[in-house]
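Data first, discussion second: the structure below is written as structure tokens.
The values are calculated or read from the model by the stated rules, or taken from the named source; none is laboratory data. Owing to the predicted nature of the structure, the values given are computational and were not obtained by experimental measurement. So basically every Cβ, Gly included, is an ideal-geometry build from the backbone, and we count neighbours across all protein chains shown.
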Amino acid sequence: MAAQGEYRRLEDFEEDSPPGEEELLVHVTEGLQDSWHHIKNLDNFFTKIYHFHQKNGFACMMLSDIFELVQFLFVVTFTTFLLCCVEYDVLFANRPLNHSHAGGAAPDRSKVTLPDAVLPAPQCAQRIRASGWIIFLLVMAAVFWLYRLVKVLCSLLSYWEIRTFYIKALNIPSEGLCNYSWQEVQARLISLQRRQQMCVHKKELTELDIYHRILRFKNYTVAMVNKSLLPVRFHLPLLGPVVFLTQGLKYNLELLLFWGPGSLFQNKWSLRPQCKRVGARRELARRLARAMVLLGLANLLLCPCVLVWQLLYAFFSYAEVIKREPGSLGARRWSLYGRHYLRHFNELNHELQARLSRGYKPATKYMNSFTSPLLTVLAKNVGFFAGSILAVLIVLTVYDEDVLTVQHILTAITLLGLVVTLARSFIPDEHTVWCPEQLLQRVLAHVHYMPDHWQGNASRSETRSEMAQLFQYKAVFILEELLSPILTPLILIFALPARALDIVDFFRNFTVEVVGVGDICSFAQLDVRNHGNPQWLSAGQTEASVYQQAENGKTELSLMHFAITNPRWQPPPPSELFLSQLKEKVQQDAAAAPPAQRILAEGPLGASLLSDDSAVAPDGLLASVLARPILSASGLVSWDRRFAQPCSTASAAASVLASLASPLPGRTRGTSAESPGCHSDRPLTEESLLLSESRLRSLSRSALLSEVASAEMSLHAIYLHEVRPPASPWPRAPGSPARGTPGTRVPSRARLRPSGCSAHHPPRVLPGPGTGPQSLVPGPQSRAGL
């Protein structure tokens, strides 16, 4: 990695601000509570305000923290009881009880009760004292519980202050907190700054300032994943390319880099001075590599304790669910790596969760479209044999309930039921119709990123394998978390130190100091000029080298997403120029497409073709756009001869985007405090929102604008992926992709051709090696006027 860049200090482009935030970050004037004077850590302050809102207020947070402590205490106590205080020979009737009839009669073999199997308290305590290993684990658990207790008490005191701030400063009552969106809370914070000057170094707070405070460290992590800097991708024998990123590994990385002793940050908002000097890079890298090894050894020492806790917690959390719903292990979830890979810069947790939740159903349908014929044959036969035996046992128990008293008969019935349920999950529905290309496009519309080489290759097994790294089975997630205490120390000791110098260079080269905010990741500035990629419609506007460019168009897509989510935000001039030119290109492409009203009128037909469950906005709108090329090519809709060629997905998306922006002659940026939280000043008309009348009545203004913004951003994601210049075919070299060039694209004609759907069987799998998903394409939520 090139490593000779310099740390930079940036002035606020809106105003000049005095330096010295490390001395005093916040001041609240006497009009508000004294406890809000001289808050030194604005990062924690804004983060707590955000968490207070997302966790639904003080009462919910208090109960959640208390039950977390009680849950930990219950798991430790109940496990100790099961290990030391239960006589299992008596419970399993392996030996008779010591109860005898008078006169020396034979032992009483009456039914065993639970108290008979529980040891007396003195005997139980003696067993615990006799085991040094159990005493050690109990002492460690007690220390951790007391630490958590102190932390919870301090947290509750601080959140009580936040509750008071909400009530008296923001005028939001506790009982009405659920009625306010985060955008409304944020608007009131900005309005309060104008009246009270909370931050003494800035006359006005912007939405970007607040996001920078809350997501300072998260933006660094997203950027490191985007630049393939973290060692989370491995090529294993038999398994091939795998991605391993767990909560435990993530916690250790954050401890090393951000807030632990000896981390690269000296406080919450500033890098250590030596991190900003080129001459100190090698010494700092050696110290960081040594810290990685030491932390790995500490994890290795604590591995038994952590592993025991992981096993116990997983057992108590999932055992009953697996018994009740065995198929739940076959459900999918977005992996931790996928959440970082798909995340925009400056995207809050609830925004990311909403976006991935919208993409969950199409992603599940896409993954379910792949089945193994060999596995299907095995599953049918295993299900037949297990079901036959289960049927006989059930009939016998119905005929005579005494069959249940036979040893292990209930165990056999339970296990056979699990086998039958699991076998059925591998048998595809023979009446299902698969449209892999269209399903993958629907996934793209919501998650906004997709490797270039997936385009036109949705039916390949390699595409499915790479998608599985982002959208994993819940069983895989549980297994990874259970293995994390063992594998995390090995990664810290052997894999991570080799990246120490690259990590030090990354923090120096991609950190800028913004006056009034502190040191932030330069990618989070959403600066197209310094981090844009010419392949993502920023050609001629960016001065970034290949090393400085964000991969996969993340700068451009993150800029669009933030502008759409925060329509009152004023971007810096280079970013404003990019958004304006994108709007012009959309208008040009829209001129070559049918009117949006005509495209949307075909929404029910498109939704039916894509096997969608409903055609309500925004899904119906996306179905109309994605199905348009298929409908045109198949003759289901007429081709307007006024246009030179049939309507493509890009032109259909451009037409709908142009209709969304058409009511606006320009972009208004109201700053009135009387209507905080309004995303936009766009008129709420049926034409601009493209929602049904019943849907309009059922949604509040903020929820309605959020749905429109989501649909608009999805359309921009589709549009940008379609209009990008073509690239080379599917990559042939196996293994981890090169940084910045994780995958390549198929020719553009593959994007415009409609993909056929196959009934009864999944798409034919084409041979060919693949690489991991590394070039996902952006698609932020839209901004009115784009």
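I need the strands (runs of 3 or more DSSP E) fully contained in segment 199-294, keeping only those with at least 1 residues that are among the basic types (Lys, Arg). Qualifying strands (runs of 3 or more DSSP E): 233-236. Select, from Leu256, Leu284, Leu249, Leu295, the only residue that is surrounded by 18 or more Cβ atoms within 10 Å (Cβ to Cβ) and in contact with a Lys or Arg (Cβ under 9 Å, 6 or more places away or on another chain). Selected residue: Leu284, the only one of Leu256, Leu284, Leu249, Leu295 that is surrounded by 18 or more Cβ atoms within 10 Å (Cβ to Cβ) and in contact with a Lys or Arg (Cβ under 9 Å, 6 or more places away or on another chain). Got at least one residue in segment 435-456 being within 30 Å of Leu378 (Cα to Cα) and more than 25 Å from the chain's Cα centre (by Cα)? Yes, that holds for at least one residue. In segment 421-432, the residues that are surrounded by fewer than 16 Cβ atoms within 10 Å (Cβ to Cβ) form Cβ pairs under 8 Å with partners that are part of a helix (DSSP H, G or I) and basic (Lys, Arg), at six or more places apart or across chains, as follows: Ile427/Lys380. If the condition is being surrounded by fewer than 15 Cβ atoms within 10 Å (Cβ to Cβ) and among the small types (Gly, Ala, Ser), then segment 395-420 contributes only Ala412.
Does Glu320 fit the bill of being without any contact (Cβ under 8 Å) to a residue 24 or more places away in the chain and either part of a helix (DSSP H, G or I) or crowded, with 19+ Cβ neighbours inside 10 Å (or both)? When the stated conditions are applied, Glu320 passes them.
Residues that are on the phi > 0 side of the Ramachandran plot and surrounded by fewer than 24 Cβ atoms within 10 Å (Cβ to Cβ) within segment 433-461 comprise just one, Gly456. Considered as a group, the residues in segment 155-189 that are free of Cβ contacts under 8 Å to residues at least 24 places away in the same chain and in contact with a helix residue (DSSP H, G or I) (Cβ under 9 Å, 6 or more places away or on another chain) include one that is farthest from Leu704 (Cα to Cα), and that residue is Ile167.
Here segment 73-89 is the region considered, the condition is being among the hydroxyl-bearing types (Ser, Thr, Tyr) and in contact (Cβ under 8 Å) with a residue 40 or more places away in the chain, and the residue that is nearest to Phe136 (Cα to Cα) is Thr80.
Kindly indicate whether any position in segment 83-99 is surrounded by 13 or more Cβ atoms within 10 Å (Cβ to Cβ), at pLDDT 90 or above, over 34 Å from the mean Cα position of the chain (by Cα) and in a loop (DSSP other than H, G, I, E, B). Yes, segment 83-99 contains at least one residue that is surrounded by 13 or more Cβ atoms within 10 Å (Cβ to Cβ), at pLDDT 90 or above, over 34 Å from the mean Cα position of the chain (by Cα) and in a loop (DSSP other than H, G, I, E, B).
Looking only at segment 397-419, residues that are in a helix (DSSP H, G or I) and charged (D, E, K, R) come to 2 in all.
Inside segment 473-495, can you point out the residues that are within 26 Å of Gly330 (Cβ to Cβ) and among the β-branched types (Val, Ile, Thr)? Answer for segment 473-495, where residues must be within 26 Å of Gly330 (Cβ to Cβ) and among the β-branched types (Val, Ile, Thr): Val476, Ile478, Ile486. Lys380 meets the conditions (1) in contact (Cβ under 8 Å) with a residue 12 or more places away in the chain; (2) under 30 Å from Ala93 (Cα atoms); (3) loosely packed, with under 15 Cβ neighbours inside 10 Å in every case but one. The failed one is (2). Restricted to segment 131-160, and to residues that are touching a Cys at 6+ places or on another chain (Cβ under 9 Å) and among the small types (Gly, Ala, Ser), which residue is modelled with the highest pLDDT? Among them, the one singled out is Ala141. Among the residues of segment 520-545, those that are closer than 15 Å to Ala563 by Cβ and part of a loop (DSSP other than H, G, I, E, B) comprise Leu526, Asp527, Gly532, Leu537, Ser538.
Here is the figure for segment 518-534: residues that are out of contact with any helix residue (DSSP H, G or I) (no Cβ under 7 Å at 6 or more places or on another chain) and surrounded by fewer than 21 Cβ atoms within 10 Å (Cβ to Cβ) total 1. Being over 23 Å from the mean Cα position of the chain (by Cα) and surrounded by 13 or more Cβ atoms within 10 Å (Cβ to Cβ) is the filter here; which residues of segment 298-310 pass it? Within segment 298-310, Ala298, Asn299, Leu300, Leu302, Cys303, Pro304, Cys305, Val306, Leu307, Val308, Trp309 meet the criteria.
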